[in-house]
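These notes concern the structure reproduced below.
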Amino acid sequence: MTRSVRSSCPLIHLVYTHKLRSRHWLTSTRLSAASQRVRQLLWQNQDYCREYSNWAATNMTNQTSVLMTLRGRQFSEKDLVLIKTLVTEFYKEGRTRASEEICLALDWRQENGWLKDRACRDVLLRLEARGFLELPPRKASPAGNRTRKGQKIDTASLDVDDQPREVSIRKLQVRQVKGTSGEAMWNELVARHHYLGFNVAVGRSLKYLVEDEIGPVAAVGFSDPAWAVQARDHIMQSLGWPRTAARKYGVSNSRFVVFPWARIPNLASAALSRVVRRLPHDWQEYYAIKPWFLETFVDSSRFLGTCYRAANWKEVGSTRGFMKVGSSHQNGQTEKMLFLFPLETSLREKLRNL
């Protein structure tokens, strides 16, 4: 922009000066007001400000295109206004209804076409924490709050035989229970017997009960992969895959527990192998994506990862103990071993050579 054009319009000169002082030279609110005023001024000074008009059309559009990124989705000012409007419109009908309407309006869906309403509710909570909007009060406590870590549960009410018994590996059956009457049993048993407990899953997930002729002997849960893991992402990049591929085609084994009443050697690796053989078909049927690999994290202060090694999972590195809290990472966890299990033949050969 030339000096003559800047000096011909005081407001343009002011905006241009701010632009030079800082890369983030205007907040979104000020930018919107400045943009409107500049348009009025340009209309009055078309002959003098044509050069600035071209510059503003490019730079102001870029500044307002994306205001924030939450849960991997970019939100523009228009999106945020729409979200706030729909929350207000459906305030009396609750958070779930508002999130469904927002997903419909933004066409925010999973690969299988289902609305990503749970992810949307997480975004709404973050926006409320930032003071952008006010959510309606909860109509009920989240389902996961009934089964937090350490809470005692009456397994008799679940019709589960918890008397110690020998288990025959040959008679094991695998049942996918998400969305079925068996899901409540999975939630309760995992909350009671897994050292991490269980809260409601956000995002993609599947839940399996491994049973003998009497009842459940193990539970296995899968969910979306970790957003970023240095050891895993380095391997993906070395194989020529972008890091985003891991987020889309990876699946995390987030819960695995063998119940204390099941007694037989090698039960853990046998149960895990049976579930893993079934998972790719179920995941593709449920989410319209064929997974490429599985990952899991083993707390080395508690476990050795023996059952994963026996089931042919490969240890490829470890985490550094960081966990994501909001937009930042905090070093608040123990380091964990990272295991990968390739589901694609080509990936299996490549991992074998690492």
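Tabulated results
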quantity: Pairs of lysine residues in segment 144-352 - Cα separation under 23 Å, sequence separation of 8 or more or cross-chain; calculated: 24
quantity: Per-residue HN-Hα couplings for segment 192-206 [Karplus 6.51, -1.76, 1.60; θ = phi - 60°; Hz; x = Gly/Pro]; calculated: 7, 10, 8, 5, 8, x, 7, 10, 4, 7, 10, x, 6, 6, 9
quantity: Modelled FRET efficiency - R0 41 Å, residue 93 with residue 241, Cβ distances, 0.05 increments; calculated: 0.45
quantity: Under Karplus coefficients 6.51, -1.76 and 1.60, residue-wise ³J(HN,Hα) of segment 113-119 in Hz, glycine/proline x; calculated: x, 6, 5, 8, 6, 5, 4
quantity: Segments 110-118, 271-279, 286-294 sorted - mean Cβ within 10 Å per residue, highest first; calculated: 271-279, 286-294, 110-118
quantity: Whole-Å distance, taken between Cα centres, linking segment 74-113 and segment 221-238; calculated: 29 Å
quantity: Extension gain, residue 78 back to residue 320 (0.36 nm per residue minus Cα-Cα distance, nm); calculated: 83.3 nm
quantity: Under Karplus coefficients 6.51, -1.76 and 1.60, residue-wise ³J(HN,Hα) of segment 171-181 in Hz, glycine/proline x; calculated: 9, 5, 10, 10, 10, 7, 10, 5, x, 10, 5
quantity: For segment 69-129, radius of gyration divided by Kirkwood radius, i.e. Rg to Rh on alpha-carbons; calculated: 0.93
quantity: Segment 144-352: C-alpha pair distances exceeding 25 Å, %; calculated: 38 percent
quantity: Packing-based ranking, highest mean first, of 236-243, 256-263, 159-166 given that Cβ atoms within 10 Å are counted; calculated: 256-263, 236-243, 159-166
quantity: Packing-based order for 213-223, 126-136, 197-207, using average beta carbon neighbours within 10 Å, highest first; calculated: 213-223, 197-207, 126-136
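Any read-out appearing in this document is the output of simple, stated calculations on the displayed coordinates, not a laboratory observation. As the structure is a computational prediction, the values presented were derived from the model and not from experiment. Please note: Cβ atoms are built from the backbone with ideal geometry, for glycine as well, and neighbour counts cover all protein chains shown.
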